[in-house]
Amino acid sequence: MTTILSNREKLVEIAHLYYEEGLTQQQISRRMNMSRSLVSKMLGKARSTGIVEVTIHSEICNPHKEAEDRLRQILDLKQIKIIDAYSSGNDGTMTPFHKEVARYLSSIFLDCKTVAVSASSNIYAAAKQMSTTVSYPHMVFVPASGGLAELGWESNANSNCSLLAEKLGAKAQQLYAPIVVESRETKDVLCAQPFIRKVLENGRAADLALVGVGGTFNRFSLIEDYAEELNFNYTIDPSQVCGDVSFNYFDRNGQPVDCEWNRMMMGLTLSDFQKIPDVICIASEDEKAESIYIAARHKLFTSLIITDTLARRINEIYTRELYRSR
């Protein structure tokens with residue numbers, strides 16, 4: 001018993017010298033007259049037996065870690081990144097949020113070869129904030145949809161790809177087609193063109209996609225305006241629409257809405273996105289909480305980057321649904 005106690009006291013003494021007095025393992029080995037490797041083993045034993053407990057305070061560098069872990073479990077996603085919303089600028093943009101999005105995306109782009117990119121004002125704002133000394137010549141950004149009309153031109157998929165490529169020293173492809181066409185025949189003809197077919201094939205084969213989720217509060221009217229601008233007469237029942245991913249309307253079950261718009265849309269479909277290994281949704285508008293919640297629960301994307309206020313809204317929706325189910 002005396003030997004066991006003596007060994008335990010020695011573990012405590014070595015741990016005290018290393019963790020509290022700040023001595024190196026070499027200095028401890030000289031003081032205790034033992035080899036450095038034995039000191040290392042005893043420090044390991046001090047941790048494994050509970051004499052020393054190491055606590056990593058990840059909340060210091062990431063105050064949202066607990067909320068991210070909880071939301072990742074609720075939505076069953078690969079990754080959740082919550083960023084402080086702060087306050088909007090005079091022009092309505094949320095520069096602090098988009099700057100953090102840009103920094104985060106820059107870190108994951110290193111492992112990517114092909115990235116499909118949807119139309120999205122958040123993606124455009126994040127791309128404008130990109131600033132890196134690292135070049136990404138191995139990467140190509142591929143538009144996930146067409147977009148030739150003037151409406152929403154600044155943040156359409158082609159523009160987003162061009163801006164990302166310019167900022168990162170990468171390549172960009174362009175999808176020379178409208179968001180939607182007027183007939184099946186027109187779509188078949190366009191999709192048969194090599195310069196369009198190849199872009200869509202590359203998008204489907206991407207190893208990463210960046211998308212926005214459109215909420216019913218504004219995207220539905222935007223798409224209606226687009227169709228009106230091109231003189232396309234598409235009637236869609238708004239009660240069926242819960243949002244869209246890259247102009248693909250989905251319903252409450254996460255399924256494509258049965259409508260002409262979805263059938264005539266020039267770009268990747270919901271099914272195409274679900275075959276891409278990682279699809280990151282970027283959103284900042286609180287009004288999109290329900291649309292994002294539905295899209296996430298039905299696997300329309302795999303990862304999510306959102307503001308802290310939007311994260312709270314999504315948690316509230318989950319809590320409300322949980323209460324109703326009881």
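Each value in this text was obtained by applying a stated rule to the coordinates, not by laboratory testing. Remember, predicted model here, so these are calculated numbers, not experimental data. Don't worry about glycine lacking a Cβ; one is built from the backbone with ideal geometry, like all the others, and counts go over all protein chains shown.
Extending 7 Å from the Cα toward the beta-carbon at both residue 189 and residue 53 defines two label points whose distance is 7.3 nm. As a calculated quantity, the FRET efficiency between residue 70 and residue 16 at R0 = 56 Å, using C-beta atoms, amounts to about 0.90. Using a simple spin-label model with pseudo-atoms 7 Å out from Cα toward Cβ, residue 207 and residue 33 lie 5.7 nm apart.
From most to least packed by mean Cβ count within 10 Å, the peptides 256-265, 32-41 give 256-265, 32-41.
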